[in-house]
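What follows is one structure encoded as structure tokens, with my remarks underneath.
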Amino acid sequence: MIVVKGGTIWTGTGKTIENGMIIIENGKISYVGPEKKIDAKADVIDASGKFITPGFVDAHSHIGLIPEGLDWEYSDVNDYTGPVTPQMKAIDALDPYDKAFKDAITGGVTTVYTGPGSANVIGGVGLVMKTTGEIIKKEAALKMALGPKRNRDRKSKEPYPTTRMGTVALLRNTFLSVKKWMKKDLEVDKEKEIQYEVISKVLKGDLMAKIHLSTSPDEIVAVLNLIKEFGIKASIDHVFGGDLLADEIAKSGVPVVYGPPMISKLYSAFRYVHDGIPVTLAKKGVLVAIMTDHPVIPQKHLRFLASVVVRNGLDYDEALKMITVNPAKILGIYDRVGSLEVGKDADIVIASDHPLKVYSKIEKVLIGGKVVL
């Protein structure tokens, strides 16, 4: 038994407990509430005067696929054998020794989604893991990406679409072909069959799609139409310019993984970037999470990106949900992480003050009830 006592416990459920207590048994939370008598043999962590929250969750990262210090020359996020490569799996390329995992823990990040990038229309299957290495979901989402694709001069068997409309058309045609194959109205070779098997999981609702939006608001309209047309479960990621279509996104019920906030407007495609967009979407009722897109922004700085959202008009509690409760719900792992509740994994951050205040320091981190920082 491990006990965290004292301090302010932000549970993520709408309840904040002053001078509270968390009891951990076998890596799970068995009690959250006011202080009470405990077993004298319990290991006690005194958090008096501290601020206690769930571990932070990043719903869009490439950690472990672009190992820290090696940059893009060792990138495993994109495979250029063709524009449609759903058979690729992040689990087959994950580097568990990437030092970014340890850095992430210093920033309170305990759970991440990591997976393929955006060079392909359908890039492959990403996973969800703890930053200590435990895999929560080997197959968490199938990455898809709108936007124009550069012509690939490597050994691609099929041409890449070069326009936004071409990318949408290829995605739609692929879905239609897979639906025909599922009904046994279409025969394909063994290679295509392996690809179609993965995509069919999305069309059947067994696997979510994570859909990258890269350039302008017209892509938001296109992707919402695709999601509705095929009835798939998906998140839309990046969503620059989302403030211009906030009502449409809210009406669709599709969650957003925004960002990363603080990204530079490096080229014309980023002209719609604005740190206030997640605030606008949240106030419209959209379920919003914040991403680092590591290594675009270092994984450990996830909490500071949420601080930027506070600066743009959201209160601390709602912004904190964007890196705890909301990403856990979007990724379908809220039964395990994202809040401090009985039965959930004991992933806990203890900070000197509210973690979204920039002067606050992360002092202790527990993952699965073990002190890892």
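Only the coordinates and a few stated rules stand behind these numbers; no lab work does. Since we're looking at a predicted model, the values are computed, not measured. Glycine gets a Cβ as well: all are built from the backbone with ideal geometry, and neighbour counts include every protein chain shown.
Which ³J(HN,Hα) values in Hz, rounded to whole numbers, follow from the phi angles of the range 254-260 under the Karplus curve 6.51 cos²θ - 1.76 cosθ + 1.60, where θ = phi - 60° and Gly and Pro get x?
Each residue's phi maps through the Karplus curve to give 7, x, 10, 10, 8, x, x Hz.
Restricting to DSSP H runs of at least four residues, report the calculated mean residue ellipticity at 222 nm for the chain, -39500 (n - 2.57) per run over all residues, nearest 500 deg cm²/dmol.
That comes out to -7000 deg cm²/dmol.
Which one of Val337, Val239, Gly253 has its Cα pushed farthest toward the positive end of the charge dipole of the chain, where Lys and Arg give +1 and Asp and Glu give -1 at the Cβ?
The listed residue farthest towards the positive side: Gly253.
Any aspartates and glutamates with Cα under 20 Å of the Lys357 Cα? List them, leaving off those in the same chain fewer than 8 positions away.
Cα-Cα hits under 20 Å: Glu18, Asp58, Asp103, Asp275, Asp315, Asp317, Glu318.
Taking H as built 1.01 Å from N, whose amide H comes closer than 5 Å to the amide H of Ile263, not counting residues under 5 places away?
For Ile263, whose amide H was placed from the backbone, there are no distant partners under 5 Å.
What list of ³J(HN,Hα) values in whole Hz, one per residue of the range 357-371 in order, does the Karplus curve 6.51 cos²θ - 1.76 cosθ + 1.60 (θ = phi - 60°) give from phi, with Gly and Pro shown as x?
Per-residue couplings from phi come out as 7, 4, 7, 5, 10, 6, 9, 9, 9, 10, 10, x, x, 9, 6 Hz.
Taking the range 18-96, which chymotrypsin sites (Phe, Trp or Tyr not before Pro) meet the DSSP loop condition and have no more than 16 other C-beta atoms within 10 Å?
Tyr80
Can you tell me the convex hull volume per residue for the chain, based on C-alpha atoms, in Å³ to the nearest whole number?
132
Quick one: Cα centre-to-centre distance for the range 4-71 and the range 267-316, in angstrom?
When both Cα centres are located, 24 Å separates them.
Rounded to the nearest 5, what % of the DSSP beta bridges within the chain are antiparallel ones?
That works out to approximately 55 percent antiparallel.
All other residues with a Cβ under 11 Å from the Cβ of Pro255 taken together, and with Lys, Arg as +1 and Asp, Glu as -1, what is their net charge? Provide the component values of the computation, followed by the final result.
Details: positive: Lys210, Lys233, Lys329; negative: Asp237.
My count for the surroundings of Pro255 gives +2.
May I ask for the equivalent-ellipsoid semi-axes of the range 214-373, computed as the square root of five times each C-alpha gyration tensor eigenvalue and listed largest first in whole Å?
Value: 28, 19, 13 Å, ordered largest first.
What relative contact order, as a whole-number percentage, does the range 56-337 give when Cα pairs under 8 Å and 6 or more residues apart are counted?
Here the relative contact order equals 19 percent.
Could the peptides 193-199, 42-48 be put in order, highest first, of the mean number of other beta-carbon atoms found within 10 Å of their residues?
193-199, 42-48
Where in the chain are the helices, taken as whole DSSP H runs, whose Cα atoms extend 20 angstrom or more along the long axis and whose Kyte-Doolittle mean reaches at least -1.0?
Those that clear 20 Å and a mean of -1.0 are 164-182.
Considering only Leu281, Leu213, Leu266, give the residue with the highest GNM mean-square fluctuation for the chain, with springs between Cα atoms whenever their separation is below 10 Å.
Leu266
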